[in-house]
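Notes for the one structure printed next.
The values are calculated or read from the model by the stated rules, or taken from the named source; none is laboratory data. As the structure is a prediction and not an experimental result, all values here were calculated from the model. As a convention, Cβ positions derive from the backbone with ideal geometry for all residues, glycine included, and neighbour counts pool all protein chains shown. Calculation scope for accessible area: heavy atoms of the full protein, side chains included, ligands and nucleic acids excluded. Shrake-Rupley method; radii C 1.70, N 1.55, O 1.52, S 1.80 Å.
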Amino acid sequence: MPVQISPSILSADFSDLAGEIARVSAAADWVHVDVMDNHFVPNLTIGLPVVERLAEVSPLPLDCHLMITDVDRWAPGYAEAGAASVTFHVEAAEAPEAVARNLRALGARAGMALKPATPVDDYADLLPGLDMLLLMTVEPGFGGQRFLDTVLPKIRRARELVSASGLDVWLQVDGGLSAETIERCADAGADVFVAGSAVYGADDPSAAVQALRAQASRATAQSWWCRG
Ligand code: DX5
Ligand code: ZN
């Protein structure tokens, strides 16, 4: 499974989102859209009408990361709006299994996110209903934060659980990823990498995506080789 890069437009110019997506569309696999409601997290970003319009104009599929409360009620709307992947926080879900089922029924990939302190073992039984597990490597809410090394053992554990299950569940990491930190995540077993400031803070966002992909691919290949 090759590594995938999902640049976060949270660090892009909000007055020209289509233009900002175009700057990475030749190099990236997804465009990561951070939806924040000022309840689940202190920040407030964009919601359904913007996602709906981005889905119409984006050449890349949308990877929607919902940092909102009451996902049981609101998550399906993002699949209906055209997001190819919708990730909700398990901490905000009443019935995570049903949320994931609804997302899949609407044709989206179902992702479930865990904050840094949320243990992964508690949710291992939900894996069969998921297409992706997102392990936050910062506290959700803001771009440009410092990567939390403390999450690395959880990434390793999640990779073990996914391998043991035999399921094709992607392992995404989000927060503080850069040239300095991405290899550690790839080595621990992540395969989908979100990067905001490391991409949109660069002079050439497309080149930044390519460089991150090369680093992550190398680290992934090396860790497979070491594991035999
Ligand atoms: C943070 C968001 C991230 C954010 C990452 O809550 O979920 O997607 O954009 O930004 P960086 O890569 O700058 O940490
Ligand atoms: Zn995110």
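Couple of notes before you dig in:
- Note on segment 47-166: Rg/Rh from C-alpha atoms, Kirkwood Rh, equals 0.97.
- Restricting attention to the chain, close to 5% of DSSP beta bridges with both partner residues there are antiparallel.
- D (Stokes-Einstein, µm²/s), Kirkwood Cα radius, segment 135-228, 1.306 mPa s at 10 °C: 117 µm²/s
- Residues of segment 107-121 with amide N under 13 Å of a point placed 7 Å along Cα→Cβ from Thr150: 115-119
- Scalar couplings 3J(HN,Hα) for segment 20-30, obtained by applying the Karplus form with A = 6.51, B = -1.76, C = 1.60 to θ = phi - 60°, are 5, 5, 4, 5, 10, 5, 7, 10, 9, 9, 9 Hz; x denotes Gly and Pro.
- Inter-part distance where segment 1-52 and segment 118-174 are each reduced to a Cα centre, Å: 20 Å
- Computed over protein heavy atoms with a 1.4 angstrom probe, the accessible surface ordering of His89, His39, largest first, is His39, His89.
- Computed accessible area, Phe147, all protein chains, 1.4 angstrom probe, square angstrom: 20 Å²
- Stokes-Einstein D (µm²/s) once Rh is taken as the Kirkwood radius of the chain over alpha-carbon pairs, at 20 °C in 1.002 mPa s: 124 µm²/s
- Top of Leu152, Leu167, Leu60 by mean-square fluctuation, Gaussian network on the chain, Cα under 10 Å: Leu167
- Label zone at Val57, where the point sits 7 Å out along the Cα-to-Cβ direction: segment 1-42 residues whose backbone N lies under 16 Å: 9-10, 12-25, 31-33
- For segment 200-208, backbone phi angles converted through the Karplus equation (6.51, -1.76, 1.60; θ = phi - 60°) give residue-by-residue couplings of 7, x, 7, 4, 10, x, 5, 5, 5 Hz, Gly and Pro being listed as x.
- Using θ = phi - 60° in the Karplus curve 6.51 cos²θ - 1.76 cosθ + 1.60, the 3J(HN,Hα) couplings for segment 94-108 round to 7, 9, x, 4, 5, 4, 4, 4, 5, 4, 5, 4, 8, x, 9 Hz; x is entered for Gly and Pro.
- Neighbour net charge for Ser58 - beta-carbon separation under 14 angstrom, K R +1, D E -1: -4
- For Ile155, solvent-accessible area (1.4 Å; no DNA, RNA or ligand), Å²: 0 Å²
- The Cβ shell under 13 Å around Ile5 holds other residues with a net charge of -3, Lys and Arg each +1, Asp and Glu each -1.
- Packing around the peptides 212-219, 122-129, taken as the average count of other Cβ atoms within 10 Å per residue, puts them in this order, highest first: 212-219, 122-129.
- Amide H contacts of Gly175 (H built 1.01 Å from N, in plane; Pro and chain starts excluded): Thr137, Val194 sit under 5 Å, all sequence-distant by 5 or more or on other chains.
- One quarter of the convex hull surface built on the alpha carbon atoms of segment 53-93 amounts to 2.7 nm², the projected area averaged over directions.
- Backbone N atoms of segment 211-228 closer than 20 Å to the 7 Å Cα→Cβ label point of Ser163 belong to residues 216-228.
- Net charge, Thr137 excluded, C-beta distance under 11 Å - Lys, Arg +1, Asp, Glu -1: +1
- Sorting Lys115, Lys154 by solvent-accessible area of protein heavy atoms yields Lys115, Lys154, largest first, with a 1.4 Å probe.
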